[in-house]
Amino acid sequence: MRSARASPRSAITASRGRGIRMNYPVWDVAFGAGLLIAIVAIVHVFISHFAVGGGLFLVVTEIKARRSQDAALLDWLKQHTRFFVLVTVVLGVVTGVGIWFTIGLIAPTATSDLIHIYVWGWAIEWVFFFIEITAALFYMYGWDKLEARVHQWYGWVYFGAAYMSLVVINGIITFMLTSGSWVKNHRFWMGFFNPTYFPSLLLRSAIAFALAGLYALITASVQKDAALKARIVRWSALWIVPSMAVMPLFGWWYIRRVPAAVWASARGPMPTGTEFAGLTVVFLAVTFALALLSLARPGRIPLAFSVVVLLAALGAMGSFEFVRESIRDPYVIENYLYANSIYVNPAPGDGGFDMSAVQNAGILQTARWIDVRTLNQDNQAVAGREIFRVDCESCHTANAYRGLKHYIELRQWDENDIQAMLGGLDLMHNGVMPPFAGTDAERGALAAYLYSIAPIAPGASLPADGKTVFERKCSMCHEDKPSDPLFENLPKDPQTMAAALQSLSSLFPLMPDLQLNDRERTMLAQWVNTQRGAQTSAALEGGN
Amino acid sequence: MMQPSLIPAPDPNPLPAPYWVFAVLLVTTFILHIVAMNFMLGGGVMALVAKWRSKDREIGNRVFIDLAKKLPVLLPATITLGIAPLLFVQVLYGQFFYTSSVLMAWPWLLVLVCLTVAYYGFYYASFKGGQRPGRAGAVILGSIVLVFLIGFMLSNNITLSQTPQIWGRKYFADPAGWNLNLTDPSLFPRYLHFMVAALALGGLLVVFMALANWKRDNAYARQLLQFGGKGFMYATMAQVVEGVLFLVSLPSGLRLLFLGNDPVATMLFLIGILGSIASIVLMAEALRKEDIRMAAYHVPAIIAVVIVCMATMRDMLRNAYLAPYFRPGDLAVRTQWTVFPVFLGVFAAGAIFWFVMIVRYRKHAADHGQLRASKASEAAG
């Protein structure tokens, strides 16, 4: 029977199931909205930290050059100032506005929250920013027009204002990761001076001062005068080496202040967080090593070398931002807003977009920008696609960036598996995803859609051993290590274990209702016991 | 059951200060932004006109280079001053602004690309303009075209954000963010209204340059005055006609607000029109008498009043567009008393400090210039 809810608008576009993200329309980015934010953000932070540290570098280097009456160094610094302004005041500023534009398009709810909670923070930052930009231009144009003392005064003003804008923005950025007691009391300063505020400020300061030296290598390397080049490279190393040396300390403090549960998702089986944490360390080590290497022949480093060093630093910075973003999951604002723009807890004025309201009413009934409101046997995949766009597209695509087709094909899930797994989303990967936001029927529809994009090919191989069963069906939540509940809690006897695996939810009430057949259960039980032996011997060798 | 409205619910976090505080900040910072933008865009156009339409080639090139050097400062001023109204518009009208942005996501992001390229173009022309004036002209033309394009995107976004009744049709036809708002009859008149205003203020910028040169190089300054003053007059005449077109293009209910239905709106409109006409007459008089004070003080004073009226009307027009759906004055308020005064303090101190920076630069740059000049003459003597 045709639903009475069908609207004139759905008649216009009935052939296409176009969706929504809850309160706001979703913007279809074929290659992945998350990737777009990442690109804009990484370019911006790589420049904006330079804008802070580079400011101090300019004025201190000017003082040094004048004291030592080093005219060549002063001439270079003048060129370097122009480079600094062209990079920071143009590209830095435009990409800064760019982040605003991009997050407003992709995560409007979160952007709106951050604007409303912190508008006075943003406004204060804007005052410093305005002074910063003005001072930068005066510093650049003042090289030939001002006496040294006054010129340096503008340099100091620039650095002071730039650092103050870091001081302000840092409060808002860290608030997203560790919202502190703000969630309970909604007090501005409680969220601002949150648990990671100070370690992040120190870490970012160190990054800023290291980048000041790293960027200087670029303009140094194009100098013809080898002696001058050597002086600049050695001077830059004085910025890079100590700053990078203290980074592990501040990084360690930062990690310590991130709640264990939040950090767990980066350490655990979640591939993105772990991989990028590793990459950060590798890139930092490479940058550090190359910076030291530049000291071997400081008068002869070519531009290509400086570019490689800077790219390594970009790699480190980008990986760090990826870690920060991925450990923040499943939230955009910790304990307040999920990554898919659904509020964690009901609050006045939330428009019914909190998790429990959506789970009760159903997402197809809650979301605004949607033209499929009904769910029946005939439209499962179409409605499922709508649900996918609302619930999942803020982080995933069907077949590109974080594409689910790939994940599902890798694990060879059938529709029932998918539906069961969707019931335990919040347990996957140490809790990196929010719970499924919708009713059970909607979960079925989403599973139908996901299966339609990644169907099991006829004649596809069945799992040949217990390891494959584990990887396909268990590894989303469990790890191959002795402390994992799977190895700790399952009975030792293979037959008892296989029997226990018949009903997962009776083993642990939060487990998804996944059905394993007899063969799978037997193979899994054998493998679990084999692994227990292997884990014990590995532990004895000090491994794992 | 009815479909829920497409208009997103306002943010659950209450306004951290009363509505009127944000309304005042929004209109004030918008005025600063639009003035900087007008100087930048109008200055760029005037530079090109001077270069390519001037009978005296030498003077034309000189005006061109003098203006070109200002563009790399006026563009960051425009951006920096634009950030504040962008912030406050999101505070008051976020649910409208984000939605219209999503509908035209790609053109909206294109603004950033245009901005970057235009910006580097201005820097190129400023640094190399003396050595390669021909190429610098072409580069500025390219940058100016991009800035015109940015203005067009902004007009699209703002008009789209004010007409939620057409969102659904646009979005469900194209959720990939390639929409514009070309079917809105007020789009082009509105866009032109802002662009022509920029030309007029570009003329005033040249008049200010005349003022700065009045004592130092009077002959050049007189030429600047004539050139800038004429530019201002012609653009303002066009603007009066264009403004009427814009008014006609508005839906009748909104149009009538300015034609008697709303006394405040009508008064602002009258002041705006009469002020514009008065400024044309006064500028004509100033040009005839070569009276730089009249051109550089009295006319801008009138124009400042006109701009304040126009910006206030723009805000009233937005609220009138949205009145069937939303009144920002109804938003819940919980003033953040622990932060709001901090902002006011930082803002006041920042504004004073900013002026100190400007004054200090002017003073020392001039002193230092004189010092170097006297040293040079001593050396020569």
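The values are calculated or read from the model by the stated rules, or taken from the named source; none is laboratory data. Not measured: the values here are computed from a predicted model. Reconstructed Cβ throughout: ideal geometry from the backbone, glycine too, with neighbour counts over all protein chains shown.
Under the condition of being surrounded by fewer than 22 Cβ atoms within 10 Å (Cβ to Cβ) and charged (D, E, K, R), the residues counted in the range B:29-53 number 1. If you go through the range B:128-140 and keep only what is buried (at least 16 other Cβ atoms within 10 Å of the Cβ) and modelled with pLDDT under 90, you end up with B:G129, B:P133. From the residues in the range A:203-259 that are outside any helix (DSSP H, G or I) and aliphatic (A, V, I, L, M), which one is farthest from A:L292 (Cα to Cα)? Of everything passing the filter in the range A:203-259, A:V258 is farthest from A:L292 (Cα to Cα). Residue count for the range A:54-89 under the criterion of being under 12 Å from A:G155 (Cα atoms) and not polar (S, T, N, Q): the result is 9. When only residues in the range A:143-160 that are of a type in the set (G, A, S) and in contact (Cβ under 8 Å) with a residue 40 or more places away in the chain count, which is surrounded by the fewest Cβ atoms within 10 Å (Cβ to Cβ)? Once the filter is applied, the top-ranked residue is A:A148.
The set of residues in the range A:83-94 being more than 7 Å from chain B (Cβ to nearest Cβ) and either under 26 Å from the mean Cα position of the chain (by Cα) or modelled with pLDDT under 95 (or both) consists of A:V87, A:T88, A:G92. For the range B:22-75, a residue qualifies if it is free of Cβ contacts under 8 Å to residues at least 40 places away in the same chain and part of a helix (DSSP H, G or I), and the qualifying residues are B:V24, B:T28, B:R53, B:R57, B:E58, B:G60, B:V73, B:L74. With respect to being at negative phi and either surrounded by 13 or more Cβ atoms within 10 Å (Cβ to Cβ) or within 14 Å of chain A (Cβ to nearest Cβ) (or both), B:E290 falls outside the description.
In the range A:405-511, which helices (runs of 4 or more DSSP H) lie fully inside it and hold 3 or more residues that are in contact (Cβ under 8 Å) with a residue 24 or more places away in the chain and buried (at least 20 other Cβ atoms within 10 Å of the Cβ)?
Working: elements: A:415-422, A:440-453, A:466-469, A:485-489, A:494-500, A:504-507.
Helices (runs of 4 or more DSSP H) meeting the threshold: A:415-422, A:440-453.
For the range A:27-67, filtered to residues that are crowded, with 21+ Cβ neighbours inside 10 Å and modelled with pLDDT under 90, the residue that is nearest to the chain's Cα centre (by Cα) is A:A33. Filter the range B:190-213 for residues that are touching a Lys or Arg at 6+ places or on another chain (Cβ under 8 Å) and hydrophobic (A, V, I, L, M, F, W, C) and give the result. B:L205, B:A210, listed by residue number.
When the criteria are applied in full, B:D11 fails the requirement of being in contact (Cβ under 8 Å) with a residue 60 or more places away in the chain, away from chain A (no Cβ under 13 Å) and either closer than 28 Å to A:D113 by Cα or charged (D, E, K, R) (or both). Scanning for something assigned to a helix (DSSP H, G or I) and more than 30 Å from B:P10 (Cβ to Cβ), does the range B:160-179 turn up at least one residue? No; the residues of the range B:160-179 include none that is assigned to a helix (DSSP H, G or I) and more than 30 Å from B:P10 (Cβ to Cβ). Considering A:D75, A:D113, the condition of being touching a residue at least 40 places away in the same chain (Cβ under 8 Å) and either at the interface with another protein chain (Cβ under 9 Å from one of its Cβ atoms) or more than 28 Å from the chain's Cα centre (by Cα) (or both) is satisfied by A:D113 alone. Checked against (1) within 30 Å of B:A332 (Cβ to Cβ); (2) more than 9 Å from chain B (Cβ to nearest Cβ); (3) surrounded by fewer than 21 Cβ atoms within 10 Å (Cβ to Cβ), A:V97 passes all but a single condition, namely (2). Within the range B:205-221, the residues that satisfy the criterion of being surrounded by 17 or more Cβ atoms within 10 Å (Cβ to Cβ) and more than 19 Å from B:V49 (Cβ to Cβ) are B:L211, B:W214. Taken over the range A:131-156, the criterion of being at the interface with another protein chain (Cβ under 7 Å from one of its Cβ atoms), assigned to a helix (DSSP H, G or I) and over 19 Å from B:P72 (Cβ atoms) is satisfied by A:V150 alone.
Just to check your reading of the model, which residue among B:L67, B:L75, B:L71, B:L26 is away from chain A (no Cβ under 14 Å) and surrounded by 22 or more Cβ atoms within 10 Å (Cβ to Cβ)?
B:L67
As a summary of the residue check, A:L177 satisfies the conditions (1) closer than 25 Å to A:F50 by Cβ; (2) more than 12 Å from chain B (Cβ to nearest Cβ); (3) surrounded by fewer than 22 Cβ atoms within 10 Å (Cβ to Cβ) except for the one numbered (3). Checked against the criterion of being over 30 Å from A:Y158 (Cα atoms), surrounded by 15 or more Cβ atoms within 10 Å (Cβ to Cβ), in contact with a helix residue (DSSP H, G or I) (Cβ under 9 Å, 6 or more places away or on another chain) and more than 14 Å from chain A (Cβ to nearest Cβ), the range B:322-331 has at least one qualifying residue.
Residues satisfying the criterion are absent from the range A:259-279 (criterion: at pLDDT 90 or above, buried (at least 21 other Cβ atoms within 10 Å of the Cβ) and in contact with a helix residue (DSSP H, G or I) (Cβ under 8 Å, 6 or more places away or on another chain)).
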